[in-house]
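Down below is the structure, laid out as structure tokens.
Please treat every number below as a calculation from the coordinates, not as lab data. Just so you know, these numbers come straight off a predicted model, no measurement behind them. No Cβ is skipped: glycine too gets one built from the backbone with ideal geometry, and neighbour counts run over all protein chains shown.
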Amino acid sequence: MSMTLLRVFLEKVSKTIRVSDREILRHISARRLSEGDDLIVCDGDGRAYLYKIREKSPTSVLLDLVEPVDFSPPSKNVIYAQALLKPRKLDPIVSYSTQLGVEAFVFFISRRSSIQDLDVVEKRLDRLRKIARASAEISMNRIPDIKVVPDLSTLLEQFSTYKPLMLYENAQERLNLDWLKNNDIRDILFIIGPEGGFEDEEVELVRERGGYILSLGDRILTSEVAGFVVLSLIQFGI
């Protein structure tokens with residue numbers, strides 16, 4: 001089966017689905033799909049199904065379930081925790097990291113964040129969620145949740161079942177493939193700082209909670225690029 005089939009998200013799936021969502025209908029029309037054509041329906045939780053169009057009208061389409069679609073889910077459950085950056089930098093973080101299999105994004109205020117107001121991100125949540133949905137359709141990954149929390153301490157408390165992995169430029173230990181092989185962690189909370197990095201007290205807080213403090217080596221990367229590198233290492237070992 002070709003993976004170039006149109007992929008759409010629906011919250012509920014069943015043997016037969018009547019779809020009237022305007023955005024989905026627009027995609028179907030743009031691809032010139034008609035009765036008898038196939039498409040993939042994803043449920044937003046990492047499951048996907050092949051459907052066939054039985055009926056099509058200007059206001060709805062009727063879909064029949066053909067079979068589940070098998071594909072490899074992300075090898076790790078990863079929550080991407082990002083200290084606040086300028087709002088325009090959040091769009092590519094959400095877009096590309098969703099395609100790399102992130103389970104959720106959490107934005108928080110760190111001591112060196114240039115923005116100290118959560119309202120800046122909260123006003124952008126609808127836009128970020130639309131970006132995440134569009135990227136998930138491309139990659140057939142789950143639609144990640146997007147949250148904001150006030151600070152690092154709250155972040156660690158709310159996601160205490162995940163192992164914290166903080167990037168810190170002065171860390172003695174490096175994050176690389178060998179480290180990942182020697183530390184097989186399934187549920188990861190990876191924490192990226194603002195452009196100015198973390199303060200020592202924040203690093204110690206993560207260490208006290210049993211987290212790992214790691215660097216990517218001597219190369220200096222922006223916060224958003226560092227996140228992509230970490231995700232590529234974790235999910236694909238590249």
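Looking at Ser114, Ser160, Ser110, Ser95 in this structure, which one is buried (at least 18 other Cβ atoms within 10 Å of the Cβ) and hydroxyl-bearing (Ser, Thr, Tyr)?
On the way: Ser114 fails: buried (at least 18 other Cβ atoms within 10 Å of the Cβ); Ser160 fails: buried (at least 18 other Cβ atoms within 10 Å of the Cβ); Ser95 fails: buried (at least 18 other Cβ atoms within 10 Å of the Cβ).
Going through Ser114, Ser160, Ser110, Ser95 in turn, just one is buried (at least 18 other Cβ atoms within 10 Å of the Cβ) and hydroxyl-bearing (Ser, Thr, Tyr): Ser110.
On the given criteria, is Glu173 surrounded by fewer than 21 Cβ atoms within 10 Å (Cβ to Cβ), of a type in the set (Asp, Glu) and in contact with a strand residue (DSSP E or B) (Cβ under 6 Å, 6 or more places away or on another chain)?
On the way: surrounded by fewer than 21 Cβ atoms within 10 Å (Cβ to Cβ): yes; of a type in the set (Asp, Glu): yes; in contact with a strand residue (DSSP E or B) (Cβ under 6 Å, 6 or more places away or on another chain): yes.
So Glu173 passes the test.
Within segment 15-27, can you find the residues that are farther than 18 Å from Ala136 by Cβ and in contact with a Leu (Cβ under 9 Å, 6 or more places away or on another chain)? Quick ask: steps written out before the conclusion?
Kept after step one, since they are farther than 18 Å from Ala136 by Cβ, are these residues of segment 15-27: 15-18, 20, 22, 25.
Hits for segment 15-27 are Lys15, Thr16, Ile17, Arg18.
Would you please name the residue that is farthest from Asn182 (Cα to Cα), looking only at residues in segment 210-234 that are surrounded by 14 or more Cβ atoms within 10 Å (Cβ to Cβ) and touching an Asp or Glu at 6+ places or on another chain (Cβ under 9 Å)?
Among those residues, the one meeting the criterion is Ser223.
Being farther than 22 Å from Lys181 by Cβ and without any contact (Cβ under 8 Å) to a residue 24 or more places away in the chain narrows it down to one of Glu204, Glu199, so name that one.
That would be Glu204, the only listed residue that is farther than 22 Å from Lys181 by Cβ and without any contact (Cβ under 8 Å) to a residue 24 or more places away in the chain.
When the residues of segment 20-68 are narrowed to those that are among the β-branched types (Val, Ile, Thr), within 29 Å of the chain's Cα centre (by Cα) and surrounded by 18 or more Cβ atoms within 10 Å (Cβ to Cβ), which ends up nearest to Ala104 (Cα to Cα)?
Of the residues in segment 20-68, the ones among the β-branched types (Val, Ile, Thr) are 24, 28, 40-41, 53, 59, 61, 66.
Applying the additional criterion that residues be within 29 Å of the chain's Cα centre (by Cα) yields 24, 28, 40-41, 66.
Then keep just the ones that are surrounded by 18 or more Cβ atoms within 10 Å (Cβ to Cβ); that gives 24, 28, 40-41.
Details: Ile24: 24, Ile28: 28, Ile40: 23, Val41: 21 Å.
Here the answer is Val41.
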